[in-house]
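Student: Quick one: this structure, given as structure tokens, is what I'll be asking you about.
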Amino acid sequence: MFIAFEGIEGCGKTTVARMLAEWMIGRGLNPLQTREPGGSELGRELRRVLLDPSRPAISREAELFLFLADRAQHTRDIIRPALTTGRPVICDRFADSTVAYQGYGRGMNLAELEYLNKISTGDLWPDIVFLLDLPVALGLERVKKRLRATGESDEGRFDNETKEFHERIRSGFLEIAAKNPGRVKIIDASASPDEILDKCLSRLPRFPSVA
Ligand code: TYD
């Protein structure tokens, strides 16, 4: 089973993905928890390039191909081999992020992005995508709080884009969900992480327990 978490900044997907992995471990499963960008060795270098605020601006086309290169290597080296051995895979962001961010956010052609996504993944799609949805203001507030707590700088990252950019991404994700109701499940992410996890678990098909 291949599960992806998607959503705007501050939606809590990283926390809930980790909690889902722990839940699975508690049931004797051996999930692979991974993320994009940065899930493969090449991807970790690409992630530094993509998110480093001190670099000169990257054109949206170059940015797109870096995300796609990350996904191509990640799918081939990490995700497919894990699925082949029967491990559940939990991925923090996947192909829908490209449609939401580069398509709805940066204004690139959606049909072209779908085609490029298909090349980069070799047409591998998550069995289920949890779209953790919440208002942009709430998400950005959570990011600010996290940055204050960790003392990290957010300069130059996607968190620094305008509120309108994040609004376009949120509605983009909701449109993706409307177009793919079988694959993408919208989860209200304004609740606590425990409640969000429960909602995700209630949408999962029954898991064979090996415990
Ligand atoms: P990250 O720090 O992992 O953010 P988050 O915790 O919100 O996932 O940074 C990843 C950023 O890259 C995030 O802002 C979304 C963006 N992104 C794209 O623009 N396109 C993509 O295809 C992917 C996978 C991520």
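The values are calculated or read from the model by the stated rules, or taken from the named source; none is laboratory data. Computed from a predicted structure; not experimentally measured. Neighbour counts are summed over all protein chains in view; Cβ atoms, including those assigned to glycine, are modelled from backbone coordinates with ideal geometry.
Student: Does any residue of the stretch 167-182 turn out to be in a helix (DSSP H, G or I), of a type in the set (S, T, N, Q) and crowded, with 19+ Cβ neighbours inside 10 Å?
Tutor: No, the stretch 167-182 has no match at all.
Student: Additional query: Report, by residue number, each residue of the stretch 78-94 that is in a helix (DSSP H, G or I) and in contact (Cβ under 8 Å) with a residue 60 or more places away in the chain.
Tutor: Scanning the stretch 78-94 gives 79, 83.
Student: Now for a different question. Is it fair to say residue 185 is out of contact with any Gly (no Cβ under 6 Å at 6 or more places or on another chain) and at pLDDT 95 or above?
Tutor: So residue 185 passes the test.
Student: So which residues in the stretch 43-70 are modelled with pLDDT of 95 or more and more than 14 Å from the ligand (Cβ to nearest atom), if there are any at all?
Tutor: Residue satisfying the conditions is 45 alone.
Student: Based on this model, can you work out whether residue 156 counts as surrounded by fewer than 20 Cβ atoms within 10 Å (Cβ to Cβ), modelled with pLDDT under 95 and within 14 Å of the ligand (Cβ to nearest atom)?
Tutor: Judged against the criteria, residue 156 is a match.
Student: Going through the stretch 88-100 one residue at a time, which ones are among the aliphatic types (A, V, I, L, M) and near the ligand (Cβ under 9 Å from one of its atoms)?
Tutor: Of everything in the stretch 88-100, those that are among the aliphatic types (A, V, I, L, M) and near the ligand (Cβ under 9 Å from one of its atoms) turn out to be 95, 99, 100.
Student: Applying the selection to the stretch 28-77, what residues are outside any helix (DSSP H, G or I), surrounded by 13 or more Cβ atoms within 10 Å (Cβ to Cβ) and among the charged types (D, E, K, R)?
Tutor: 35, 36 - these are the residues of the stretch 28-77 that are outside any helix (DSSP H, G or I), surrounded by 13 or more Cβ atoms within 10 Å (Cβ to Cβ) and among the charged types (D, E, K, R).
Student: What's the number of the condition residue 104 fails, among (1) exposed (fewer than 15 other Cβ atoms within 10 Å of the Cβ); (2) closer than 23 Å to residue 64 by Cβ?
Tutor: (1)
Student: I'd like to know if the stretch 101-113 contains one or more residues that are within 14 Å of the ligand (Cβ to nearest atom), of a type in the set (D, E, K, R) and part of a loop (DSSP other than H, G, I, E, B).
Tutor: yes
Student: Could you tell me how many of the residues in the stretch 34-54 are touching a helix residue (DSSP H, G or I) at 6+ places or on another chain (Cβ under 9 Å), touching a residue at least 24 places away in the same chain (Cβ under 8 Å) and over 26 Å from residue 19 (Cβ atoms)?
Tutor: 4
Student: Could I ask something else about it? Give 132, 116, 124 a once-over and let me know the one that is in a helix (DSSP H, G or I) and either among the hydrophobic types (A, V, I, L, M, F, W, C) or surrounded by fewer than 15 Cβ atoms within 10 Å (Cβ to Cβ) (or both).
Tutor: 116
Student: Residue under question is residue 63, and the condition is that it be in contact with a His (Cβ under 8 Å, 6 or more places away or on another chain) and closer than 14 Å to residue 97 by Cα; does it hold?
Tutor: For residue 63, the condition - in contact with a His (Cβ under 8 Å, 6 or more places away or on another chain) and closer than 14 Å to residue 97 by Cα - is not met.
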